[in-house]
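Input: a single structure, listed below in structure tokens.
The values are calculated or read from the model by the stated rules, or taken from the named source; none is laboratory data. Every value quoted in this text rests on a predicted model; they were computed, and no experiment measured them. Cβ atoms come from the backbone with ideal geometry, glycine included; neighbour counts cover every protein chain shown.
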């Protein structure tokens, strides 16, 4: 197919497709003449992945390039590939760590060790958790950390559900796309479910007897 058809099939404008090619996110089409190139299904799949990373995941072009390199590296295991994707999806809290950050990092490392998680205490997710715990401490709610194990129990259950959902995808690009969509949309779903459960728990604990 020519670039115009690729644009129509994917909903990505021709100038944007050319930009992705220049940035190394999308392979160039196969030249059929000096001014014409042919594109295939692999380009359609790659554009779907790029749009998922950009529109759903909110990744920068630089982060997307890092994911694309990982996808195209056959020597990189699926676990390491998903780790690259997950690192780009960790939200930033937009604040500088306070004085309690080092203690919070120790707390996170201890949690990871006690749970037996095969996770790096220096990973973006671990750092995000440490920043959140430090912020709680600074706000006078350091005791909230007492519920960390309960949160970890729930996180393990959700993680198993997440990976169970994406496990049926064999193609690396489809796997990454599923993880991005599943993680970002899954966060929204879990947040909404949490609010509903809180409403129910609040009514049962503090509501007026009927």
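Quick notes on this one:
- Test set (1) at pLDDT below 85; (2) assigned to a loop (DSSP other than H, G, I, E, B); (3) in contact with a helix residue (DSSP H, G or I) (Cβ under 7 Å, 6 or more places away or on another chain) - residue 121 fails condition number: (1)
- Scanning the range 162-196 for residues that are surrounded by 11 or more Cβ atoms within 10 Å (Cβ to Cβ), assigned to a helix (DSSP H, G or I) and without any contact (Cβ under 8 Å) to a residue 12 or more places away in the chain returns 163, 187, 189, 193, 194.
- Of all the listed residues (31, 49, 6, 25), the sole one being crowded, with 16+ Cβ neighbours inside 10 Å and more than 23 Å from the chain's Cα centre (by Cα) is 6.
- Residue under evaluation residue 4, criteria (1) modelled with pLDDT under 90; (2) part of a helix (DSSP H, G or I), criterion not met: (1)
- The residue pairs whose first member lies in the range 14-43 and is within 17 Å of residue 173 (Cβ to Cβ), whose second member is modelled with pLDDT of 95 or more and part of a loop (DSSP other than H, G, I, E, B), and whose beta carbons are closer than 6 Å, counting only pairs six or more residues apart or on different chains, do not exist in this structure.
- Evaluation of residue 107 against (1) part of a helix (DSSP H, G or I); (2) modelled with pLDDT under 80; (3) over 21 Å from the mean Cα position of the chain (by Cα) (one fails), failing number: (2)
- Extreme residue, farthest from residue 25 (Cα to Cα), among residues of the range 73-82 that are without any contact (Cβ under 8 Å) to a residue 12 or more places away in the chain and surrounded by 13 or more Cβ atoms within 10 Å (Cβ to Cβ): 76
- Qualifying position, being at pLDDT below 90 and in a helix (DSSP H, G or I), among 69, 21: 69
- Total residues in the range 72-93 satisfying the condition of being in a loop (DSSP other than H, G, I, E, B) and under 19 Å from residue 47 (Cα atoms): the figure is 2.
- Number of the exception - residue 99 against (1) over 21 Å from the mean Cα position of the chain (by Cα); (2) at pLDDT below 90; (3) not in a loop (DSSP other than H, G, I, E, B): (3)
- Residue check, residue 128 in a helix (DSSP H, G or I) and under 22 Å from the mean Cα position of the chain (by Cα): yes
- Members of the range 67-86 found to be more than 19 Å from residue 122 (Cα to Cα) and more than 12 Å from the chain's Cα centre (by Cα), listed by number: 68, 69, 70, 71, 72, 73, 74, 75, 76, 77, 78
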